[in-house]
Amino acid sequence: MKLAKTYEPNAYEPNIYAMWETSGQFAPQGEGEPYSIVMPPPNANGNLHTGHALTVQLEDILARFHRMKGRDVVYIPGADHAGFETWVVYEKELSRQGKNRFDFSREQLYSQVWNFVEQQRGNMELQLRALGVSASWEHLVFTLDEKVIKTVYGTFKKLWDEGLIYRGERIVNYSTKYQTSYADIEVDHKTEKGTLWKIAYPTLDHIGEIIIATTRPETLLGDTAIAVHPDDERYKHLIGTRVLLPIVEREIPIIADEYVDPTFGTGAVKITPAHDPNDFEVGQRHDLERIQVIDFDGTMINVPSQFLGLDVPTARKRVLAALQAGELLRGEETIEHSVGYDYKSGEPIQPLIKDQWFLNVRPLAERAKAAIEEGEITFSPASKKRALVQYYDNLKDWNLSRQIPWGIPIPMFQNVNDPDDWVFDERVDEKEIVVNGTTYRREEDTFDTWFSSGQWPFITTDYLDGGDLARFYPTSVLETGVDILYAWIARMVMLGLYATDTVPFRHVYLHGLILDEHGQKMSKSKGNVINPMEIVAEYGSDALRMGIIASRSAGQNQAFSTSKIVAGRNFCNKLWNIARYIQSRTGDDYQPQGVLRPITTADHWIIRQLNEAADAIEDHLTHYRFAEAAETVYHTVWNDVADWYVEVSKKQDNVQMLAWVLDTTLKLTHPFAPFVTETIWQTLDWHHNLLMTKQWPSDNPYDEIAAAAFERVQEFVSEARYVLAELPAGKKYSILYQNDGLIADNIDVLTHLTRVKEIRRVDQPVGLRLASSNREAWLDVDKDTLYEHQSNLEKRLAETRQQIANLNGRLSNESYIQKAPAHLVEETRKEVEQKEAYAKRLETELSVIED
RNA sequence: GGGCGCGUAGCUCAGUUGGCUAGAGCGCGUCAUUGACGUUGACGAGGUCGGGGAUUCGAGCUCCUCCGCGCCCACCA
């Protein structure tokens, strides 16, 4: 006996992984049709969460399966510098040291963060190994690798040369806490209750006042106009006149603009071009001055001295107080409105004006949309195709600039004498460069990380350079969380098509969020985060894999379930013990023999079951039905192999078949439980190589008549067990049979499976007939037990008669006969015949008892 | 304002193009057990598939409507 009684995953997993990795088999082998998956790169200095675990385990199932199907597989791992996220962590570190970003140059900060990341790098990669991913480590790409930057610059230059990049002063989403701008998609809009204040502005050319409504009174200090709708009768006469801006006492005009909704608030809007996107546009149309009153650090500037330097909430209070004092407040109401927050920190976002680099997305979005509509990429769940198309329809220009040092520098330089003169240059390590005698100064901003990760598939495969992995582009499938459909998938499709003229992947599989056990979103603040490494430590990597994909469907948020992990662990143990048993039968010196030789009906049956399972699993995986594939594995192994075949084998020896069944079972299970299957495989004397390199099982010949005969054995066993369970407990019964070949041929097996005392031939019917499976068999019960059982028989007879009536009802329906497919009608007829025969047997049996 | 999803067994959820008696894991009940496994085995109970209507020979699945949840997108001051 080579295997311990229970499977202890921790004792084997690290060694098995090392064996795989050193074998070189994770790398593509150069034979077969390419199959490729690029891993969404986890944060290089972070820890994996359950979402990562799900991602890589789904991907690894595909990678391992397709490798076994003979494809040339590459699964490319990655590590993300996670620009903003890492920066936030590092800035906290700086403030702990009593410093901030302004104490250092960009170069200094960059190298400091690099060291900071370097210290903790590798954690994540170890964790990926613990999850068993068969990734080609030699091809790992870090998002700040030279080749990444080179490709990103190439794409940027192409965009710049083709006029799709522009620099513009726009209202951007700005985090005053982190002092960087964001893309629209990084702003988390929350609908909340707020106060709408009504404020009177005294009119200068008429006696009176005009009342505006605002939720942000502090921005009043930067107002440069009041706007009304041109057709609004209430205000028509005031258009073109002036009002006095309260507190500041500046004269501003009343203008007319279609943008104003006369039904909202008072129908008059204060215009602050520097702090509201709509006002900005109004300001452009009317050539209004832009006065910035909130600085990039979130404090007030360009305002009367009593407000100078205040933060926004304080300024708001003071402004309201000043208005109150001036008796200019005309009431307030509570309204629901949308407020923007930083998606990461939850801090409020300020709309501020900033010069930024923008990508004109329209041409890219149109092309991506067309490709998706034409089905060049398929989606699981399919509904996301439409969602993505709609997203492209509404997409606005993309702000690529970030004011954080931890990222890829934007390779642009500005003429020191002409602010509008910019040149592209990759010498980003130099603060100033000279081009044609003119000095240019470096842009200090870095790229939005999605701009570089949006190019990930063709970067990692070296497609543009025609590198070794270029044949793997476009990749076969991209698996990630549904939450980054827009941020990442949408960008990859746009940039992939733009840079390579082909879609970056053929299929997108999106999983939903993993919620905690109670269906709540996991978050650090709630303290309900599940650490996948703890699950691996407690239950094993395979258990996590089986448990986490069970009953999980594409795109749906679903709760984490420990009971499913436990089920996964128990499954591994079951497999382990199947192996233990079979090894005890094969002995140590078993040698595999050439052609498979099924002898018993069970042999033929199990070949058929495993053939069918292999086909079903393949079909499920081809359609990305992971949970169903895993369920097929689970039940084939547990029910067919363990509960039936192994049990029968205890009475019908066929060592060659047992060894083959074990081999095949391990192969079918391997993508879903790689560690335990490989561990077992390595203990089998008749194998001298890795399970992960074996071919997926192909169909083996078997005899259908024999397989069907075994099914009749199963039916009989089931009935015997069912009836025996109803009989008084604690008593051993015997099965008696009369002239029944199936029973006569399987006496040992049947005795074992039904756990009866014995099975004996009789001449006369006696006792309780096992009528359901249509065998000439009886249980030797005494008269009292027999009468007790009578009511059960009657109940079953009544049920059967009801079923027959239902079926006959269907058959007597003319429309059913005419319209339903012929085979269904035929099946219904057959079913009626069977039920009637069964009812007849029950009746006979009852009449015997009554006699 | 626009869009998407969910509601199926006590719990967590599957259910592919409409077609045998609607499934799984866990939980629950009864029983069993020495040629692997108690992380076991056998048997069972438990569902008017959120309500109502429509289409169809046939609906958990299609359509309409209502109820209850959740999510995404969007610059309403």
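Can you find a residue that is acidic (Asp, Glu), in contact (Cβ under 8 Å) with a residue 12 or more places away in the chain and either touching a strand residue (DSSP E or B) at 6+ places or on another chain (Cβ under 6 Å) or in a helix (DSSP H, G or I) (or both) anywhere in the stretch A:742-758? Full working, then the answer.
Within the stretch A:742-758, the first condition is being acidic (Asp, Glu), and the residues that meet it are A:745, A:748, A:758.
Subset that is in contact (Cβ under 8 Å) with a residue 12 or more places away in the chain: A:748, A:758.
Restricting the remaining residues to those that are either touching a strand residue (DSSP E or B) at 6+ places or on another chain (Cβ under 6 Å) or in a helix (DSSP H, G or I) (or both) gives A:748.
Scanning the stretch A:742-758, I find at least one residue that is acidic (Asp, Glu), in contact (Cβ under 8 Å) with a residue 12 or more places away in the chain and either touching a strand residue (DSSP E or B) at 6+ places or on another chain (Cβ under 6 Å) or in a helix (DSSP H, G or I) (or both), so the answer is yes.
In the stretch A:366-390, which residue that is assigned to a helix (DSSP H, G or I), hydrophobic (A, V, I, L, M, F, W, C) and more than 15 Å from RNA strand B (Cβ to nearest atom) is most open to solvent (accessible area, probe 1.4 Å)? Walk me through how you get there before you give the answer.
Kept after step one, since they are assigned to a helix (DSSP H, G or I), are these residues of the stretch A:366-390: A:366-373, A:383-390.
Now narrow it down to the ones that are hydrophobic (A, V, I, L, M, F, W, C): A:368, A:370-372, A:387-389.
Narrowing further to those that are more than 15 Å from RNA strand B (Cβ to nearest atom): A:368, A:370-371.
Numbers: A:Ala368: 0, A:Ala370: 39, A:Ala371: 4 Å².
The qualifying residue most open to solvent (accessible area, probe 1.4 Å) is A:Ala370.
Looking at the structure I just gave you, is A:Glu169 outside any helix (DSSP H, G or I), at pLDDT below 90 and more than 16 Å from RNA strand B (Cβ to nearest atom)? Walk me through how you get there before you give the answer.
Details: outside any helix (DSSP H, G or I): yes; at pLDDT below 90: yes; more than 16 Å from RNA strand B (Cβ to nearest atom): yes.
Yes, satisfied.
Scan the stretch A:578-588 and tell me whether some residue there is near RNA strand B (Cβ under 8 Å from one of its atoms), over 29 Å from A:His688 (Cβ atoms), open to solvent by less than 50 Å² (accessible area, probe 1.4 Å) and part of a helix (DSSP H, G or I). Among the residues of the stretch A:578-588, not one is near RNA strand B (Cβ under 8 Å from one of its atoms), over 29 Å from A:His688 (Cβ atoms), open to solvent by less than 50 Å² (accessible area, probe 1.4 Å) and part of a helix (DSSP H, G or I), which makes the answer no.
For the structure I just gave you, tell me whether A:Thr191 is within 30 Å of A:Ala322 (Cβ to Cβ), under 30 Å from the mean Cα position of the chain (by Cα), among the β-branched types (Val, Ile, Thr) and in a strand (DSSP E or B).
Details: within 30 Å of A:Ala322 (Cβ to Cβ): yes; under 30 Å from the mean Cα position of the chain (by Cα): yes; among the β-branched types (Val, Ile, Thr): yes; in a strand (DSSP E or B): yes.
Taking the combined requirement at face value, the residue satisfies it.
Give me the pairs: first residue in the stretch A:34-49 and touching a residue at least 24 places away in the same chain (Cβ under 8 Å), second residue in a loop (DSSP other than H, G, I, E, B) and of a type in the set (Phe, Trp, Tyr), beta-carbon distance under 8 Å, and six or more apart or on different chains, which are they? Qualifying pairs under 8 Å: A:Ser36/A:Tyr473.
In this structure, does A:Thr86 turn out to be part of a helix (DSSP H, G or I), of a type outside the set (A, V, I, L, M, F, W, C) and open to solvent by less than 30 Å² (accessible area, probe 1.4 Å)? Judged against the criteria, A:Thr86 is a match.
Would you confirm whether or not the stretch A:500-507 contains a residue that is open to solvent by 20 Å² or more (accessible area, probe 1.4 Å), touching a residue at least 40 places away in the same chain (Cβ under 8 Å) and at positive phi? No, every residue in the stretch A:500-507 fails to be open to solvent by 20 Å² or more (accessible area, probe 1.4 Å), touching a residue at least 40 places away in the same chain (Cβ under 8 Å) and at positive phi. Test A:Glu233 against the stated conditions and say whether it is charged (D, E, K, R) and either closer than 24 Å to A:Gly340 by Cβ or within 14 Å of RNA strand B (Cβ to nearest atom) (or both). Answer is no for this residue.
Residue-by-condition table, conditions (1) modelled with pLDDT under 95; (2) in contact with a His (Cβ under 8 Å, 6 or more places away or on another chain); (3) surrounded by 22 or more Cβ atoms within 10 Å (Cβ to Cβ):
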position	(1), (2), (3)
A:Lys2	yes, no, no
A:Lys5	yes, no, no
A:Pro14	no, no, no
A:Glu21	no, no, no
A:Gln29	no, no, no
A:Glu33	no, no, no
A:Ile37	no, no, yes
A:Asn47	yes, no, no
A:Thr50	yes, no, no
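Filtered by the rule that a residue be over 30 Å from A:Val88 (Cα atoms), within 16 Å of RNA strand B (Cβ to nearest atom) and either assigned to a strand (DSSP E or B) or open to solvent by 40 Å² or more (accessible area, probe 1.4 Å) (or both), the stretch A:316-355 gives A:Leu329, A:Arg330, A:Gly331, A:Glu332, A:Glu333, A:Thr334, A:Ile335, A:Glu336.
From the set of residues in the stretch A:1-55 that are in a loop (DSSP other than H, G, I, E, B) and within 16 Å of RNA strand B (Cβ to nearest atom), which is nearest to A:Gly78 (Cα to Cα)? Steps first, answer last, please.
If we filter the stretch A:1-55 for residues that are in a loop (DSSP other than H, G, I, E, B), which is where we start, we get A:1-8, A:24-33, A:39-42, A:44-49.
Right, trim to within 16 Å of RNA strand B (Cβ to nearest atom) and you get A:1-8.
On the way: A:Met1: 42, A:Lys2: 38, A:Leu3: 36, A:Ala4: 37, A:Lys5: 38, A:Thr6: 35, A:Tyr7: 32, A:Glu8: 30 Å.
Applying the filter and picking the extreme gives A:Glu8.
Scanning the stretch A:725-741 for residues that are closer than 16 Å to A:Arg760 by Cβ, surrounded by 12 or more Cβ atoms within 10 Å (Cβ to Cβ) and near RNA strand B (Cβ under 10 Å from one of its atoms) returns no hits. Annotation note: Cβ proximity below 9 Å between a residue of the stretch A:392-403 that is closer than 11 Å to A:Ala183 by Cβ and a residue that is in a loop (DSSP other than H, G, I, E, B) and open to solvent by 10 Å² or more (accessible area, probe 1.4 Å) (sequence gap 6+ or interchain) occurs for A:Asp397/A:Asn360; A:Trp398/A:Asn360; A:Leu400/A:Asp445; A:Ser401/A:Glu443; A:Ser401/A:Asp445; A:Arg402/A:Asp445. For the stretch A:706-724, filtered to residues that are open to solvent by 60 Å² or more (accessible area, probe 1.4 Å) and more than 10 Å from RNA strand B (Cβ to nearest atom), the residue that is nearest to A:Ser773 (Cα to Cα) is A:Glu715. Of all the criteria given as (1) away from RNA strand B (no atom under 11 Å from the Cβ); (2) of a type outside the set (Gly, Ala, Ser); (3) not in a strand (DSSP E or B), the one not satisfied by A:Val243 is (3). In the stretch A:796-811, of all residues being open to solvent by 60 Å² or more (accessible area, probe 1.4 Å) and near RNA strand B (Cβ under 10 Å from one of its atoms), the one that is farthest from A:Glu843 (Cα to Cα) corresponds to A:Arg810. Cβ separations smaller than 6 Å between residues 6+ apart or across chains give the following pairs from the stretch A:607-621 residues that are open to solvent by 10 Å² or more (accessible area, probe 1.4 Å) to residues that are part of a helix (DSSP H, G or I) and among the hydroxyl-bearing types (Ser, Thr, Tyr): A:Ala616/A:Thr632. Tell me, yes or no, whether the stretch A:804-824 has at least one residue that is closer than 30 Å to A:Arg755 by Cβ and assigned to a helix (DSSP H, G or I). No. Does A:Glu827 satisfy being part of a helix (DSSP H, G or I), away from RNA strand B (no atom under 11 Å from the Cβ), at pLDDT 80 or above and open to solvent by 60 Å² or more (accessible area, probe 1.4 Å)? Spelling it out, it is not the case that A:Glu827 is part of a helix (DSSP H, G or I), away from RNA strand B (no atom under 11 Å from the Cβ), at pLDDT 80 or above and open to solvent by 60 Å² or more (accessible area, probe 1.4 Å). Candidates are the residues of the stretch A:536-574 that are under 14 Å from the mean Cα position of the chain (by Cα) and near RNA strand B (Cβ under 6 Å from one of its atoms); the one that is surrounded by the most Cβ atoms within 10 Å (Cβ to Cβ) is A:Gln558. One residue stands out in the stretch A:126-179 among those that are among the charged types (D, E, K, R) and under 22 Å from A:Asp462 (Cα atoms): the one that is most open to solvent (accessible area, probe 1.4 Å), namely A:Glu146. Taking the numbered list (1) within 13 Å of RNA strand B (Cβ to nearest atom); (2) modelled with pLDDT of 90 or more in turn, A:His518 passes all entries but (2).
Among the polar types (S, T, N, Q), open to solvent by less than 10 Å² (accessible area, probe 1.4 Å), in contact with a Leu (Cβ under 6 Å, 6 or more places away or on another chain) and touching a residue at least 40 places away in the same chain (Cβ under 8 Å), is that true of A:Thr665? Working first, answer last.
Values: among the polar types (S, T, N, Q): yes; open to solvent by less than 10 Å² (accessible area, probe 1.4 Å): yes; in contact with a Leu (Cβ under 6 Å, 6 or more places away or on another chain): no; touching a residue at least 40 places away in the same chain (Cβ under 8 Å): yes.
When the stated conditions are applied, A:Thr665 does not pass them.
Against the test of being of a type in the set (Gly, Ala, Ser) and out of contact with any Phe, Trp or Tyr (no Cβ under 9 Å at 6 or more places or on another chain), the options A:Ser523, A:Ser541 yield a single qualifying residue, A:Ser523. Applying the criterion of being hydrophobic (A, V, I, L, M, F, W, C) and buried (at least 21 other Cβ atoms within 10 Å of the Cβ) to the residues of the stretch A:188-216, the residue that is farthest from A:Asp295 (Cα to Cα) is A:Ile210.
The values are calculated or read from the model by the stated rules, or taken from the named source; none is laboratory data. Predicted, not measured: the structure shown is a model, and the values here were computed from it. Here the Cβ is made from the backbone with ideal geometry for all residues, glycine too, and neighbour counts use every protein chain on show. What goes into the accessible areas is simple: the full protein's heavy atoms, side chains included, and nothing from ligands, DNA or RNA. Shrake-Rupley method; radii C 1.70, N 1.55, O 1.52, S 1.80 Å.
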